[in-house]
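Participant: Attaching a single structure in structure tokens format; questions to follow.
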Amino acid sequence: MNNIFRNLSDRTRWLFVISGGIAVSLSWWGAPFIFLLTGFVPLLIVEDDIQSRKEPVLSLLPYSFLFFFCWNLVACWWMIRIHLLGGTSVLVLNSVFMTIVFLLYSLIKRRTGGGAFIFVILWTGFEFLHYKGDLSWPWLSLGNGLAGNIKLIQWYEFTGTTGGSLWVLLVNVMLFSVIRLFSFNSRIYARYLLTCMLALLIILPPAVSIYIYNSYKERGAETGFLILQPGLDPYDEKYSTVTNYERLSNLLTLAENNIDFQTSYIVSPETSVDSVWITNPADKFSMQVYQFLGKYPGTGMILGATGFSKVSPERRTFTTRVNNEGDFFDIYNSALFYYEDAELQAYHKHYLANGVEQIPFQRIFGFMKRLSIDLGGISGSLKRGYGPGVFRSPAADSLVLGTLICFESVYGEYASGMVKKGAEILIVISNDGWFRNTGAYRQHLRASRIRAIETRRSVVRSANTGVSAYISQTGKIVDQVDWWEGGALSVNVTRNDRITFFTKYGDYPGRTALFFSLLMILNLLVRVIPGLVENK
């Protein structure tokens, strides 16, 4: 078996990295998790072969980049279909980031004599960082790839998605180590001990997870929700030519045709209506919502809208616009909560979509606003919301709701921040029609199922073109409106006030990994810098 690890031909190397990258990506399309648990092994084999031949670390660059680009491309090719230049840029840039991390792993391993477990720490730290900043893109965090079978990831309530990433990485590295031991005819007890440890690592987490899933009981009062799915095609000319009044009227008609005596709250998708001024007294669109709710006392509504808010001249920022009358205002992607005669509550999206809702680093590079992508709505940077917030219902039930807008549903620690503020049910509003019929909406739906597990909160999901759904606290889809169908869903949703371990302590695995990653990088610099100085 020595030829598996030594003296690989160029053709074999290319075959390894291409097949490995594709294998990892398949889990985002619902493939069995075995592909994800083994997909990194070919890349680790190629890296080990390059090191054994004493080839420079940079010799690994083309192979590692191809591996990560194959992963990004197959898992997220839909981004290119949405926008060729923008989507390609994201895929290439993310592949570059991943390549840098893997090259750093190889360099640290060479300089310190460490093993493949260095990769586990570095990659987990990288994933944690990838939740931060203007270039944040956690879509491909490895823990998300396990969401195809929620029965196997119930432990996320203790570790969050990062726990899934750690499991994937550890299994890959241990499998690589087992193959390596057998390849070099190491001592029998070492081979079989590591094999038994690998078997336990593969079996135990899913087994515990299945037990949790089967034994979990939802407790708490039920609340009636009406979930709206208008089914409008955002690429259709009719979507942009229909007036705001017509869009809102059609939405309220859909609600009126499906509301019943159990309905306490109505939820509409992201940006159901444009240009709603967040003012007191309410603007004309908000008054239309209040008038509708007046016919159904005791009913509240969450409306996804493009929110406009006036800004005083001294408080304007780089996102502030000015109208023809000289008034300054900011534009938000907002969720608005209406309840009878109560004052309007507003939540503004915090994690904005790059290239559509914001241009990365526009605060510094203002000229980049010209590069924004127009998907038929408002282009250029929107105003970022101020962080996780909740809606506190004035109703007798005093229900507290946390609302995630579109891409925010991928951020586990952000959702848990809403739960810490009292959210008993999570709301996700989205307009997944921008994905077209690429299947990416399924990936987005799975993110909501993970949030339910991490926080043990029921999730009410309203998407313009689907999939709108009621998701239980175990991540199970209880009921749904299918993709690209117009309709509504009337469901009784269980509330919960229990705080999970993950909610309480956040992404502690990611923070810990980042801490040790920084220590390893510092150790590397201590070893490398003196040598560079001496050579000069």
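The values are calculated or read from the model by the stated rules, or taken from the named source; none is laboratory data. Because the structure is a prediction, the values reported are computed rather than measured. All Cβ positions, even for glycine, are placed from backbone atoms using ideal geometry, and neighbour counts span all protein chains on display.
Participant: Counting only residues that are modelled with pLDDT under 95 and either out of contact with any Leu (no Cβ under 8 Å at 6 or more places or on another chain) or hydroxyl-bearing (Ser, Thr, Tyr) (or both), give me the strands (runs of 3 or more DSSP E) lying completely in the stretch 249-322 with at least 2 of them. Give the steps one after another, and end with the answer.
Facilitator: Working: elements: 265-267, 273-277, 300-311.
Correct list: 273-277, 300-311.
Participant: Quick check on my filter: what residues within the stretch 396-411 are assigned to a loop (DSSP other than H, G, I, E, B) and in contact with an Asp or Glu (Cβ under 9 Å, 6 or more places away or on another chain)? Spell out the reasoning first.
Facilitator: Residues of the stretch 396-411 that are assigned to a loop (DSSP other than H, G, I, E, B), as a first pass: 396-399, 411.
Listed by number, the list holds a single entry, LEU399.
Participant: Any chance you could count how many residues in the stretch 176-229 are modelled with pLDDT under 95 and in contact with a Phe, Trp or Tyr (Cβ under 7 Å, 6 or more places away or on another chain)?
Facilitator: Total satisfying the criteria: 3.
Participant: Tally time: how many residues in the stretch 7-31 are touching a residue at least 12 places away in the same chain (Cβ under 8 Å), not hydrophobic (A, V, I, L, M, F, W, C) and not in a helix (DSSP H, G or I)?
Facilitator: Residues flagged as touching a residue at least 12 places away in the same chain (Cβ under 8 Å), not hydrophobic (A, V, I, L, M, F, W, C) and not in a helix (DSSP H, G or I) within the stretch 7-31 amount to 2.
Participant: To continue, here is another question. Looking at the structure I just gave you, is LEU93 surrounded by 21 or more Cβ atoms within 10 Å (Cβ to Cβ), out of contact with any Leu (no Cβ under 6 Å at 6 or more places or on another chain) and assigned by TED's automatic domain parsing to the domain that holds TRP139? Quick ask: steps written out before the conclusion?
Facilitator: Details: surrounded by 21 or more Cβ atoms within 10 Å (Cβ to Cβ): no; out of contact with any Leu (no Cβ under 6 Å at 6 or more places or on another chain): yes; assigned by TED's automatic domain parsing to the domain that holds TRP139: yes.
When the stated conditions are applied, LEU93 does not pass them.
Participant: Give the residue that is nearest to the chain's Cα centre (by Cα), with candidates limited to residues of the stretch 423-447 that are among the hydrophobic types (A, V, I, L, M, F, W, C) and at pLDDT below 95. Spell out how you get there, then give the answer.
Facilitator: Our first condition is that a residue be among the hydrophobic types (A, V, I, L, M, F, W, C); within the stretch 423-447, this holds for 423, 425-429, 434-435, 440, 445, 447.
Restricting the remaining residues to those that are at pLDDT below 95 gives 434-435, 440.
Working: TRP434: 16, PHE435: 15, ALA440: 12 Å.
Of everything passing the filter in the stretch 423-447, ALA440 is nearest to the chain's Cα centre (by Cα).
Participant: While we're on this one: If I ask for residues that are modelled with pLDDT of 95 or more and among the polar types (S, T, N, Q), which ones from the stretch 73-126 would you list?
Facilitator: Across the stretch 73-126, the qualifying residues are ASN94, SER95, THR99, SER106, THR124.
Participant: What is the residue count in the stretch 176-220 for residues that are under 30 Å from TYR156 (Cα atoms) and among the charged types (D, E, K, R)?
Facilitator: Total meeting the criteria: 3.
Participant: For the stretch 66-81, enumerate the residues that are farther than 24 Å from ARG11 by Cα, aliphatic (A, V, I, L, M) and surrounded by fewer than 19 Cβ atoms within 10 Å (Cβ to Cβ).
Facilitator: ILE80
Participant: Further question on the same structure: Residue check: is ILE108 assigned to a helix (DSSP H, G or I), in contact (Cβ under 8 Å) with a residue 60 or more places away in the chain and over 19 Å from LEU36 (Cα atoms)? Can you show your working first?
Facilitator: Values: assigned to a helix (DSSP H, G or I): yes; in contact (Cβ under 8 Å) with a residue 60 or more places away in the chain: yes; over 19 Å from LEU36 (Cα atoms): yes.
Spelling it out, ILE108 is indeed assigned to a helix (DSSP H, G or I), in contact (Cβ under 8 Å) with a residue 60 or more places away in the chain and over 19 Å from LEU36 (Cα atoms).
Participant: Another one. Any idea which residue in the stretch 279-300 is surrounded by the most Cβ atoms within 10 Å (Cβ to Cβ), counting only those that are without any contact (Cβ under 8 Å) to a residue 40 or more places away in the chain and out of contact with any Lys or Arg (no Cβ under 8 Å at 6 or more places or on another chain)? So that I can check it myself, show each step before the final result.
Facilitator: Filtering the stretch 279-300 for residues without any contact (Cβ under 8 Å) to a residue 40 or more places away in the chain gives 279, 281, 283-284, 287, 291, 295-296.
Filter once more, so that each one left must be out of contact with any Lys or Arg (no Cβ under 8 Å at 6 or more places or on another chain): 281, 283-284, 287, 291, 295-296.
Values: PRO281: 8, ASP283: 15, LYS284: 11, MET287: 11, GLN291: 10, LYS295: 10, TYR296: 17.
Here the answer is TYR296.
Participant: Check LEU201 against each of (1) buried (at least 17 other Cβ atoms within 10 Å of the Cβ); (2) outside any loop (DSSP other than H, G, I, E, B) and name the one condition it does not meet.
Facilitator: It is condition (1) that LEU201 fails.
Participant: Going by what's in this entry, would ARG436 be described as within 22 Å of TYR265 (Cβ to Cβ), in contact (Cβ under 8 Å) with a residue 24 or more places away in the chain and not hydrophobic (A, V, I, L, M, F, W, C)? Steps first, answer last, please.
Facilitator: Details: within 22 Å of TYR265 (Cβ to Cβ): no; in contact (Cβ under 8 Å) with a residue 24 or more places away in the chain: yes; not hydrophobic (A, V, I, L, M, F, W, C): yes.
Considered against the rule, which asks whether it is within 22 Å of TYR265 (Cβ to Cβ), in contact (Cβ under 8 Å) with a residue 24 or more places away in the chain and not hydrophobic (A, V, I, L, M, F, W, C), ARG436 comes out as no.
Participant: Of the numbered conditions (1) of a type in the set (Val, Ile, Thr); (2) surrounded by fewer than 20 Cβ atoms within 10 Å (Cβ to Cβ); (3) in contact (Cβ under 8 Å) with a residue 40 or more places away in the chain, VAL173 fails exactly one; give the number of that condition.
Facilitator: Here VAL173 meets the rest and fails (2).
Participant: Confirm whether VAL276 is crowded, with 20+ Cβ neighbours inside 10 Å, among the β-branched types (Val, Ile, Thr), closer than 30 Å to ILE359 by Cα and touching a residue at least 12 places away in the same chain (Cβ under 8 Å). First the steps, then the outcome.
Facilitator: Values: crowded, with 20+ Cβ neighbours inside 10 Å: yes; among the β-branched types (Val, Ile, Thr): yes; closer than 30 Å to ILE359 by Cα: yes; touching a residue at least 12 places away in the same chain (Cβ under 8 Å): yes.
For VAL276, the condition - crowded, with 20+ Cβ neighbours inside 10 Å, among the β-branched types (Val, Ile, Thr), closer than 30 Å to ILE359 by Cα and touching a residue at least 12 places away in the same chain (Cβ under 8 Å) - is met.
Participant: A further question on this structure: Exposed (fewer than 15 other Cβ atoms within 10 Å of the Cβ) and in contact with a helix residue (DSSP H, G or I) (Cβ under 8 Å, 6 or more places away or on another chain): does that describe GLY21? Before you say what the answer is, go through the steps one by one.
Facilitator: Values: exposed (fewer than 15 other Cβ atoms within 10 Å of the Cβ): no; in contact with a helix residue (DSSP H, G or I) (Cβ under 8 Å, 6 or more places away or on another chain): yes.
The answer is no for GLY21.
Participant: Quick one: is LEU135 under 20 Å from the mean Cα position of the chain (by Cα), part of a loop (DSSP other than H, G, I, E, B) and over 17 Å from GLY475 (Cα atoms)?
Facilitator: Values: under 20 Å from the mean Cα position of the chain (by Cα): yes; part of a loop (DSSP other than H, G, I, E, B): yes; over 17 Å from GLY475 (Cα atoms): yes.
It is true that LEU135 is under 20 Å from the mean Cα position of the chain (by Cα), part of a loop (DSSP other than H, G, I, E, B) and over 17 Å from GLY475 (Cα atoms).
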